[in-house]
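Here is the structure we will look at.
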Amino acid sequence: MKKIFLAVCLTIAATLYAQTLNLEEARSLALAASRSLAKYDLALQNSALDEKSQFYSMLPSVQANYNASLTYSMSYLNDKWKFEYPFNTFSTGARLSVTQKIFEGGKSFVQKALSSIATESVRQSAMEEYFNVLDSVDNAYYSVLEAAKNLTVAESSLQTAALSLSMAEIRQASGMINQGDYLKSLADKESRENNRNQARRNYALAQAKLKSLIGLEELPALEQVNFDSYENVLAFLSGITDEQADALYDRFLALSIQSNHSLARAALASQRAEKNLSLTKRDSIPTISATLFSTDLSWSPERKFHSGTSGGIYLSGNIPLDFWVLNNRIEKSKIAVNSAALDYISAEKSLEAELQSALIGVFAQAGSVLSSRRALQYAEKHLEYVVERYRLSQSSVSDLSDASALETSNRLQLLRSEYSFLQSISKLRSLGAFEDEEKLITILTGESL
């Protein structure tokens, strides 16, 4: 959290100076603004204190106490009153002792191990949330960029429709087109204006979500994603063979099993269940403690000052005779161990399914990006051809409207494919807990496959 705080201070300073925001800066801001991460930081501190408390319980126990009494009494006996003055009954004393547990069947070590497992489990949960935050801000950042480009496309499409309508008005006035074609131009222009308004709304919503994640009231201009850095991986993944895909999956699975935080938490839960079983089996073992040092100091009117020192070894503990109760608890602990083992297997299978789904998504989106680029090129050339024919009165309003709609549709499809590909990359990074995206891209390019 200290590193994140330092990073966000530098990020805010850089953002205010440059009035722009890149993806790395957005990530730093989102990490600092995340309340869930802040709660995990508090949970880690609390768990670390619990771990210290467990360690302190293994050290010698130092106890000190004191007492003082002062009473006044009056009694009647044999026709006489007898008074006991307070000073005559005053007494005071203090005691200091140091006790150390000598033997308790290893319970303290098991409990210390349980405390360590609890701390590590919280840490793994915090790291999982860390990558969830990164995934969320990545998606929000890409959504803003995509929405901005969608708005640009909608504006361009509206301009094309407005130009087509102006030309239709001239031709309709001169009788070159019929009323139906003119009405189609009007409807097409209104439809595209509605699409533009929807694009504005989507852009505003995407901005609001990103601002909420990074904690800024005003959103600076966002730096565009450089897709040139993804060309190699796009080319490889779009033509990947089944053998290469299987090898890539195996490699990602091996890396994810080592670093995936959800799977690590399942493994820790299994260890915790085993330690609890071990602790339950030790419940019948008595505890041996030694008073290393004990001293008393007291004063009373009769004895005046009195002091004494002692020490010794004491045997204490519960030896249950109702062994069936202990056996029942042991059996329940064994069931918990088996249940935790099943949870680990489920977590492993879930990771395998999520990883396979994410990789299939990356493969599909990579191919979609390249095919969408080609489709857009053809649609652009087709639109240019139809526009020229429309100017020469060789194409109808419907031809121009269809060609423009085709070009707009393919451009939007390309944008969806590009940003869906980036979101799939972000998902893979979270599953494998990759801090360095360059390492992820290097693996995806198929090196050593």
Other residues with Cβ under 10 Å from the Cβ of Ser398 give, with Lys and Arg +1 and Asp and Glu -1, a net charge of -3
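Sorting Met127, Met176 on the 10 Å Cβ count, fewest up front, what's the list?
On the way: Met127 19, Met176 12.
In order of increasing Cβ crowding within 10 Å: Met176, Met127.
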Compactness summary of segment 327-449: radius of gyration and Dmax from Cα atoms, Å, are 25.4, 95
Along segment 159-172, Karplus-curve 3J(HN,Hα) (6.51, -1.76, 1.60; θ = phi - 60°) to the nearest Hz, with x for Gly and Pro, reads 4, 4, 5, 5, 5, 4, 5, 4, 5, 5, 4, 5, 6, 5
Once phi for every residue in segment 137-146 is put through the Karplus expression 6.51 cos²θ - 1.76 cosθ + 1.60 (θ = phi - 60°), the whole-Hz ³J(HN,Hα) values, with Gly and Pro written as x, are 6, 4, 4, 5, 5, 5, 5, 5, 4, 5
Exposure proxy check on Ser417, Ser28: fewest-to-most Cβ neighbours within 10 Å is Ser417, Ser28
Any GluC sites (Glu not before Pro) in segment 189-255 that lie in a DSSP loop and have at most 12 other Cβ atoms within 10 Å would be Glu217, Glu218
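Over all pairs of distinct alpha carbons, what does the Kirkwood formula give as the hydrodynamic radius of segment 353-401, in Å?
Result for segment 353-401 stands at 13.2 Å.
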Proxy exposure order for Phe421, Phe236 (fewest C-beta within 10 Å first) is Phe236, Phe421
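Only the coordinates and a few stated rules stand behind these numbers; no lab work does. Small disclaimer: the values here were computed from a predicted structure and weren't measured. Using ideal geometry, Cβ is built from the backbone for each residue, glycine included, and neighbour counts are taken over all protein chains shown.
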